[in-house]
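In what follows, a single structure is set out as structure tokens and then discussed.
No lab work stands behind these numbers, since they all come straight from the coordinates. The structure presented is a predicted model; accordingly, all values stated were derived computationally and were not measured. Don't worry about glycine lacking a Cβ; one is built from the backbone with ideal geometry, like all the others, and counts go over all protein chains shown.
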Amino acid sequence: MIILSIVFIHELGHYVVAKLFKWRIRSIVLWVFGGTMDTDEHGNRPIHEEALVTIAGPFQHIIIYLIVSLLPVYQVVPPSLIELILFYNTVILFFNLLPIWPLDGGKLLFLLLSSYFPYKKSYHVIIVFSMIVSVVLLIGQLVFYPFTLSTFLIMIFLFMENRSEWKQRYYVFMRFLLQRYEGNFNHKGVRSIVVPHQLSLMEVFALFQRDKKHTIYIKLPSKQRVAVDENDCLYRYFYEKQYAKTIGDVAMEIL
């Protein structure tokens, strides 16, 4: 009951801040030492906004510490129960800050990566890194500490969760692109991308960053450079279904 209550308060923090930003929330699922909030936002919300939603969960543990620290003053809760609440609160907080996707620590690391690198690359890196960390922690727990079934099962669960995310990586990226195509994203500036003419549209999309709108400069065989807006490329891919077209083909259509 204590664990479930702490996890509920943790997820409530995510939920309240997400609602303040008018996120579209599908569901919230609670499980041991954590929970998940399923939303319709797929990497196109501002990074600072997503960071605040992510941090809101761990911040609830600080509030719990403050509230529990006042309980001995009023002597309404036995000291043994207070110690138990503080213990579980600390364990759940540090567990959620592990740099493993989809924990809060993994999400914050992903946001940091996607601030500097393309969305697709950042997503691939965080998933692979999370699987590696899960395996390392699992081996470390088996070698250096007494075996505990709960820790073993949690690490296995996180590894399998990321394995599943890896299999779904193409669809995650397509949702990211579709929201850009539909105009459901915020951007703070324009970033230029210079690409050779023979790249496919999907290879160009792999260079897209979140929080940025892109002007694509195409290097043609004639040494000429042609500028194309990302919306032109997304339109041809999703609306005209020109999946086999290269970025050079798009440039020639515009000229």
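With contacts taken as Cα pairs under 8 Å at a separation of at least 6 residues, the stretch 1-130 carries a relative contact order of 23 percent. Sorted largest first, the spans of the alpha carbon positions of the stretch 188-254 along the three principal axes are 33, 27, 18 Å. Converting phi to 3J(HN,Hα) with the Karplus coefficients 6.51, -1.76 and 1.60 and the offset θ = phi - 60°, the stretch 50-67 yields 5, 5, 5, 4, 5, 5, 4, x, x, 4, 5, 5, 5, 5, 4, 4, 5, 5 Hz in sequence order, with x at every glycine or proline. Give the residue list of trypsin sites (Lys or Arg not before Pro) in the stretch 142-230 that are DSSP loop and have at most 16 other beta-carbon atoms within 10 angstrom. Listed in order of number, the matching sites are Lys188, Lys223.
For the stretch 1-66, the C-alpha radius of gyration divided by 2.2 N^0.38 Å, with N the number of residues, is 1.10. Sequence-distant contacts, meaning Cα pairs under 8 Å at least 6 residues apart, place the relative contact order of the stretch 112-255 at 24 percent. Of the Cα atoms belonging to the chain, the radius of gyration and Dmax stand at 22.6, 82 Å. Globularity index of the stretch 151-233 is 1.47 (Cα radius of gyration / 2.2 N^0.38 Å, N = number of residues). Computed over the stretch 99-186, the alpha-carbon pair-distance distribution with 5 angstrom bins reads 3, 14, 20, 21, 17, 10, 7, 4, 2, 1, 0, each value a whole percent. Could you work out the relative contact order of the chain, using alpha carbon pairs under 8 angstrom and six or more residues apart, expressed as a whole percent? Relative contact order comes out at 16 percent.
So what's the angle, to the nearest 10 degrees on a 0 to 90 scale, between helix 119-144 and the longest Cα principal axis of the chain? Tilt relative to the chain: about 30 degrees.
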